[in-house]
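Input: a single structure, listed below in structure tokens.
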Amino acid sequence: MKPATPACCGARQAECWSGHGPLRSASPLAERFFLGRPPLGSQCAAGACGASPEPNRLCLSVGDGSMKRIQIHPAACSGCRACMVACVVRHDGRFGTATSRIYVAKADAAGTDEPRVCRHCRRAPCVAACPTGALHRDEEQGVVRVRGAECTGCGACAQACPFGAVTLHPQAGTALICDLCDGDPACVKRCATGAIEYVGCP
């Protein structure tokens, strides 16, 4: 069932729901837990729907302030994949891209590239879909994390994510999801074009 369009969104409905640009085809679970109820802790230009005024950012209040997020500027992405390499080096201590928590998607028809990374949704459909509780919210930092020992590799989280931001490890089969590098994202530091930023909410 398609959710009703908030009055402030109009033609930008997809950006309103995601706060981060157009959605891919969402699963019924994602529509139930995310699309049908816009994320809290954010504001749209008209102040009615709960969506960020900037299409590439969501806000989540954590502790005494707002959680910082990775903000994407698709038009600035060169498609070099340096962000993916930096992610693997940071988490796995080796070179490669297969286990990156950030993914650069290429739209062949348009000839463009766009990084995809976890939004750490306020009502995260991946967390709701996880049958074991392996995916959970770190209440102190606000990020969605994975308990590897509890992950069965069922893939429910990846199926539930409407942004394609959750994948499975090619060998271990466990969920791969951005953890913001504990507040110092390696992908942001490696991006030469400024397509990826680590920003706070106003």
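The values are calculated or read from the model by the stated rules, or taken from the named source; none is laboratory data. Just so you know, these numbers come straight off a predicted model, no measurement behind them. Reconstructed Cβ throughout: ideal geometry from the backbone, glycine too, with neighbour counts over all protein chains shown.
Before moving on, here are some points about what is shown:
- Unique match (being modelled with pLDDT of 95 or more and out of contact with any Cys (no Cβ under 9 Å at 6 or more places or on another chain)) among Gly155, Gly148, Gly183: Gly155
- Of the residues screened, Gln141 is one that is in a loop (DSSP other than H, G, I, E, B), among the polar types (S, T, N, Q) and within 22 Å of Ile70 (Cα to Cα).
- Residue match in the stretch 78-96 (condition: touching a helix residue (DSSP H, G or I) at 6+ places or on another chain (Cβ under 7 Å) and among the hydroxyl-bearing types (Ser, Thr, Tyr)): no
- Ser27 modelled with pLDDT under 95 and surrounded by 20 or more Cβ atoms within 10 Å (Cβ to Cβ): no
- Qualifying residue in the stretch 97-114 (condition: touching a residue at least 12 places away in the same chain (Cβ under 8 Å), surrounded by fewer than 16 Cβ atoms within 10 Å (Cβ to Cβ) and on the phi > 0 side of the Ramachandran plot): no
- Of all residues in the stretch 168-197, those satisfying the criterion of being in a strand (DSSP E or B) and either without any contact (Cβ under 8 Å) to a residue 60 or more places away in the chain or of a type in the set (Gly, Ala, Ser) (or both) are Leu168, Ala175.
- Applying the condition of being crowded, with 17+ Cβ neighbours inside 10 Å and among the aliphatic types (A, V, I, L, M) to the stretch 169-202 and asking which residue is nearest to Cys151 (Cα to Cα) yields Ala175.
- Of the set (1) modelled with pLDDT under 95; (2) assigned to a loop (DSSP other than H, G, I, E, B); (3) within 13 Å of the chain's Cα centre (by Cα), all apply to Ile70 but (2).
- Within the stretch 148-167, the set of residues being closer than 24 Å to Cys77 by Cβ and either assigned to a helix (DSSP H, G or I) or not small (Gly, Ala, Ser) (or both) comprises Ala158, Cys161, Pro162, Phe163, Val166, Thr167.
- Test result for Cys121, crowded, with 23+ Cβ neighbours inside 10 Å and either modelled with pLDDT of 95 or more or outside any loop (DSSP other than H, G, I, E, B) (or both): no
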